[in-house]
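For reference, the structure is listed below as structure tokens.
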């Protein structure tokens with residue numbers, strides 16, 4: 001599948017933003033986070049900024065972005081529509097939570113309630129994002145039980161790493177948050193390995209015999225209907241050289257998981273500026289790492305239509 | 001609404017005969033010609049006279065070779081929207097632009113509602129939908145709704161443009177929901193099949209597999225012709241005279 005930069009930026013940024021919102025909502029409500037205005041501005045501000053920038057980026061993918069509002073109508077059948085509805089609904093408790101925290105400098109009572117509702121809505125939105133891909137039967141690498149939980153895990157992971165960096169940068173150390181980040185990075189790394197291991201065992205969900213109705217024997221494409229690349233090949237027939245995919249996977253191992261895990265461990269074991277620096281490094285390497293992970297999520301996914309062109313996007 | 005109708009009054013679709021299709025592309029060009037001025041117009045072409053010609057087409061004819069133990073054959077394979085009974089392209093649509101008509105089962109796009117998110121094209125395993133980058137919306141086969149119900153056309157012309165154009169009669173149009181319709185009987189007689197039935201989209205269009213070779217057909221590997229043996233009579237005399 002064609003790795004569109006707008007969609008990669010969208011899913012990565014909203015994932016981190018909603019993940020951060022989940023942890024802010026839950027931990028503020030449980031009194032772990034400082035009630036100060038500056039921390040609220042930094043934390044909730046960053047979460048809402050990431051979500052908003054991500055959603056605006058998703059509009060760049062549309063052929064007719066001025067009609068985007070129509071996408072809220074078909075939530076009964078469409079995961080994309082459900083995502084649109086969930087993303088807008090989440091703004092209500094999220095803005096109430098952020099406004100209450102910033103203006104009242106309190107994280108209890110109504111602010112805590114808004115925080116918990118915002119966290120639930122944010123998590124639900126990430127689930128809908130994952131389901132958009134997980135529900136597509138023609139793309140074998142997406143139509144697996146790994147896709148949707150992956151989106152949730154990477155969102156919670158990037159949110160926790162960001163929150164830990166903000167806490168450490170504002171000199172409010174929290175062992176609990178650092179541990180949450182550490183455990184989620186480890187879980188994310190495990191999940192990515194499991195996913196890639198599973199992907200390696202996948203074959204095309206159908207065959208060219210079945211796709212052409214020509215039962216029996218071997219069917220081989222000997223002539224395409226067009227001489228140049230058409231929409232189908234540009235959008236669904238994206239191919240990535242295996243050697244490049246392996247190199248990029250190594251970047252994902254190192255940037256999205258390896259360095260953040262080691263840096264977060266250093267942050268847990270140390271204190272003061274060492275812990276602060278390590279936490280910021282974890283966040284700064286995690287984001288490009290996840291962007292590469294998301295690029296590969298698209299580039300390595302193969303669509304059944306490529307069978308008609310003589311391969312499963314070899 | 002992108003929720004699917006429980007039932008459709010008719011199940012209009014195509015039956016495509018892979019035995020008689022000769023790959024002439026007449027259905028492809030006829031489809032393009034009609035539809036670039038039809039319901040989903042235009043079918044934009046990009047760089048049509050340049051080195052990277054690309055454009056929107058609803059019907060594409062592939063060519064395959066099928067090798068079996070009984071020999072090999074070339075099969076021309078027209079590929080277009082199958083107007084499925086369980087079209088995921090419709091249910092994934094976030095705006096309601098994609099819909100399946102309850103009256104005749106035809107799957108259509110309302111271009112005024114389409115936001116161009118392309119998700120429907122990802123949901124279709126058959127590659128039936130093509131995005132028009134110039135207009136910013138998704139386009140697809142309409143089964144020529146602007147021909148089949150067109151009272152300005154002669155009755156015999158009220159068929160999809162691809163069916164009207166086919167010089168070998170390899171394309172048939174009709175109601176596949178009616179078991180007694182000519183197309184349904186043809187599917188029964190010839191053992192018509194669904195494409196990718198295991199994907200669960202329940203396509204309406206059916207494909208008739210190539211017929212088995214007759215016993216007298218030329219085998220795959222023909223040896224060189226034997227030299228002519230001398231004959232008697234008049235022909236033998238001609239042979240002897242010419243050999244001199």
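The values are calculated or read from the model by the stated rules, or taken from the named source; none is laboratory data. The shown structure was predicted, so the numbers you read here are calculated from the model rather than taken from an experiment. Heads up, the Cβs are rebuilt from the backbone with ideal geometry, glycines too, and the neighbour counts pull from every protein chain shown.
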Looking only at segment B:45-65, count every residue that is out of contact with any helix residue (DSSP H, G or I) (no Cβ under 8 Å at 6 or more places or on another chain), within 29 Å of residue B:163 (Cβ to Cβ) and facing another protein chain (nearest Cβ under 7 Å) and tell me the total. 3
Does any residue of segment B:79-93 turn out to be in a strand (DSSP E or B) and either within 11 Å of chain A (Cβ to nearest Cβ) or closer than 18 Å to residue B:140 by Cα (or both)? yes
Name the single residue that is farthest from the other protein chains (Cβ to nearest Cβ) among those in segment B:109-125 being touching a residue at least 40 places away in the same chain (Cβ under 8 Å) and surrounded by fewer than 24 Cβ atoms within 10 Å (Cβ to Cβ). B:109
Let me spell it out: the conditions are (1) within 22 Å of residue B:125 (Cα to Cα); (2) out of contact with any strand residue (DSSP E or B) (no Cβ under 8 Å at 6 or more places or on another chain), and residue B:83 meets all of them except one. Which number is the exception? (2)
Residue B:101 being more than 8 Å from chain A (Cβ to nearest Cβ) and either without any contact (Cβ under 8 Å) to a residue 40 or more places away in the chain or closer than 24 Å to residue B:18 by Cα (or both): no
Which numbered condition in (1) within 21 Å of residue A:235 (Cβ to Cβ); (2) surrounded by 24 or more Cβ atoms within 10 Å (Cβ to Cβ); (3) out of contact with any strand residue (DSSP E or B) (no Cβ under 7 Å at 6 or more places or on another chain); (4) touching a residue at least 24 places away in the same chain (Cβ under 8 Å) is the only one that residue B:58 fails? (3)
Which condition number does residue B:169 fail, the rest of (1) within 14 Å of another protein chain (Cβ to nearest Cβ); (2) under 20 Å from the mean Cα position of the chain (by Cα); (3) assigned to a loop (DSSP other than H, G, I, E, B) being met? (1)
Those residues that are part of a strand (DSSP E or B) and either in contact with a helix residue (DSSP H, G or I) (Cβ under 8 Å, 6 or more places away or on another chain) or facing chain A (nearest Cβ under 7 Å) (or both), I need them from segment B:126-140; list them, please. B:130, B:131, B:137, B:138
Number of positions in segment B:15-55 that are surrounded by 15 or more Cβ atoms within 10 Å (Cβ to Cβ) and assigned to a helix (DSSP H, G or I): 9
Take the residues in segment B:157-166 that are out of contact with any strand residue (DSSP E or B) (no Cβ under 8 Å at 6 or more places or on another chain) and not in a helix (DSSP H, G or I), then tell me which one is farthest from residue B:81 (Cα to Cα). B:158
I need every pair where a residue in segment A:13-27 that is touching a residue at least 12 places away in the same chain (Cβ under 8 Å) has its Cβ under 6 Å from the Cβ of a residue that is surrounded by fewer than 24 Cβ atoms within 10 Å (Cβ to Cβ), sequence separation at least 6 or different chains. A:13/A:53; A:13/A:54; A:14/A:54; A:22/A:123; A:25/A:116
Which of the residues spanning segment A:173-193 are under 17 Å from the mean Cα position of the chain (by Cα) and surrounded by 14 or more Cβ atoms within 10 Å (Cβ to Cβ)? A:181, A:184, A:185, A:186, A:187, A:188, A:189, A:191, A:192
Go through (1) buried (at least 24 other Cβ atoms within 10 Å of the Cβ); (2) farther than 17 Å from residue A:84 by Cα one by one and return the number of the condition residue B:92 breaks. (2)
If you go through A:86, A:94, A:113, the only one that is assigned to a helix (DSSP H, G or I), within 14 Å of chain B (Cβ to nearest Cβ) and out of contact with any strand residue (DSSP E or B) (no Cβ under 7 Å at 6 or more places or on another chain) is A:86
Say we look at segment A:195-209 and pick out the residues that are exposed (fewer than 13 other Cβ atoms within 10 Å of the Cβ) and in a helix (DSSP H, G or I); which of these is modelled with the highest pLDDT? A:197
Output the residues belonging to segment A:5-30 that are surrounded by fewer than 17 Cβ atoms within 10 Å (Cβ to Cβ) and farther than 17 Å from residue A:94 by Cα. A:5, A:6
Check segment B:181-189 and report whether any residue there is part of a loop (DSSP other than H, G, I, E, B) and either over 21 Å from residue B:8 (Cβ atoms) or in contact with a helix residue (DSSP H, G or I) (Cβ under 9 Å, 6 or more places away or on another chain) (or both). no
Given B:213, B:202, which one is at positive phi, out of contact with any helix residue (DSSP H, G or I) (no Cβ under 9 Å at 6 or more places or on another chain) and either surrounded by 17 or more Cβ atoms within 10 Å (Cβ to Cβ) or assigned to a loop (DSSP other than H, G, I, E, B) (or both)? B:202
Scan (1) away from chain A (no Cβ under 14 Å); (2) at negative phi; (3) surrounded by 13 or more Cβ atoms within 10 Å (Cβ to Cβ) for the single condition residue B:143 breaks and write down its number. (2)
Of the conditions (1) outside any helix (DSSP H, G or I); (2) modelled with pLDDT of 95 or more, residue A:33 clears all except one; give me its number. (2)
Starting from segment B:178-194, keep only residues that are within 14 Å of another protein chain (Cβ to nearest Cβ) and at positive phi, then list their pairs with residues that are crowded, with 17+ Cβ neighbours inside 10 Å and assigned to a loop (DSSP other than H, G, I, E, B) whose Cβ atoms are within a distance under 9 Å, requiring at least 6 positions of separation or different chains. B:191/B:209
Check A:175, A:239 and return the single one that is away from chain B (no Cβ under 14 Å) and closer than 23 Å to residue B:124 by Cα. A:239
Please count how many residues of segment A:210-235 are buried (at least 20 other Cβ atoms within 10 Å of the Cβ) and more than 7 Å from every other protein chain (Cβ to nearest Cβ). 1
Could you please find all residues in segment A:296-314 being closer than 30 Å to residue A:268 by Cβ and in contact with a helix residue (DSSP H, G or I) (Cβ under 6 Å, 6 or more places away or on another chain)? A:296
